[in-house]
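Reviewing the structure listed below.
None of the figures in this text is laboratory data; all of them are computed from the coordinates on show. For clarity, every value in this text was computed on a predicted model and none was experimentally measured. All Cβ positions, glycine included, derive from the backbone under ideal geometry; neighbour counts span all protein chains shown.
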């Protein structure tokens, strides 16, 4: 994984035009896909480790947790590289605390505007009331998160 100094050097070189722009390239698409895979792997491995722990399989649980941590580190590396093109989910500028809050809020608003209500309706229409309820619960949590992010922005980035 790169050191913060190495990242500063890469960013400096990119800003001076010595590195090609990342936006609109196949490389950025592949970095985003790699980020998605490693982020999901981390969550799945953590979940499986919890199940193994409940079953008393401490060795497999420890291995799964180690793999989850490794996948998390890889995801961090992908984000580190992607930040040249903006926040990976929205493309919004990354930087200080307030910029980060705005980027996350923009992502959540997209989820609220487009995704979760329709997801709940689809699940209900297809006969999965438990999954529809889950999507409604997730949406409620996203509404709460968005409100907290907006409040934090008005407080100057303090959460």
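Classify region 97-154: rounded, prolate or oblate, from the alpha-carbon gyration tensor (a ≥ b ≥ c, eigenvalue square roots; a/c under 1.5 rounded; otherwise prolate if a/b is larger than b/c)?
Because a/c hits 1.5 or more and a/b exceeds b/c, region 97-154 counts as prolate.
Calculate the length of the line joining the C-alpha centroid of region 97-124 to that of region 68-83, in whole Å.
22 Å
So which residue, out of 73, 92, 57, gets the largest mean-square fluctuation from a GNM of the chain using Cα contacts under 10 Å as springs?
57
How far apart, in nanometres, would the label points at residue 122 and residue 151 be if each is projected 7 angstrom from Cα along the Cα-to-Cβ direction?
3.2 nm
How high is the relative contact order of region 97-154, in percent, counting Cα pairs under 8 Å that sit 6 or more residues apart?
With pairs under 8 Å counted, the relative contact order is 45 percent.
Full extension from residue 106 to residue 144: what is 0.36 nm times the residue separation minus their Cα-Cα distance, to one decimal in nm?
12.3 nm
Separation between the residue 133 and residue 18 pseudo-spin-labels, each 7 Å from Cα along Cα→Cβ, expressed in nm?
5.9 nm
Roughly how many nanometres apart are two label points built 7 Å out from the Cα toward the Cβ at residue 83 and residue 43?
Result: 2.2 nm between the two label points.
Relative contact order for region 66-130 using alpha-carbon pairs under 8 Å, separation at least 6, rounded to a whole percent?
After rounding, I find 15 percent.
Arrange the following residues from fewest to most other Cβ atoms within 10 Å of their Cβ: 150, 94.
150, 94
Pick from 95, 110, 56 the residue whose mean-square fluctuation is largest in a GNM of the chain, springs joining Cα atoms under 10 Å.
56
Given the peptides 139-146, 36-43, arrange them by the average over their residues of other C-beta atoms within 10 Å, most packed first.
For the peptides 139-146, 36-43, the packing ranking is 36-43, 139-146.
Taking only DSSP H segments of four or more residues, each worth -39500 (n - 2.57), what value at 222 nm results for the chain once the sum is divided by all its residues, to the nearest 500 deg cm²/dmol?
Mean residue ellipticity, 222 nm, calculated: -25000 deg cm²/dmol.
Have a look at 101, 48, 82 and tell me which one the Gaussian network model of the chain (Cα, springs below 10 Å) gives the largest fluctuation.
48
So, R0 is 25 Å and r is the distance between the beta-carbons of residue 32 and residue 55; what FRET efficiency does that work out to, to 0.05?
The value I calculate is 0.10.
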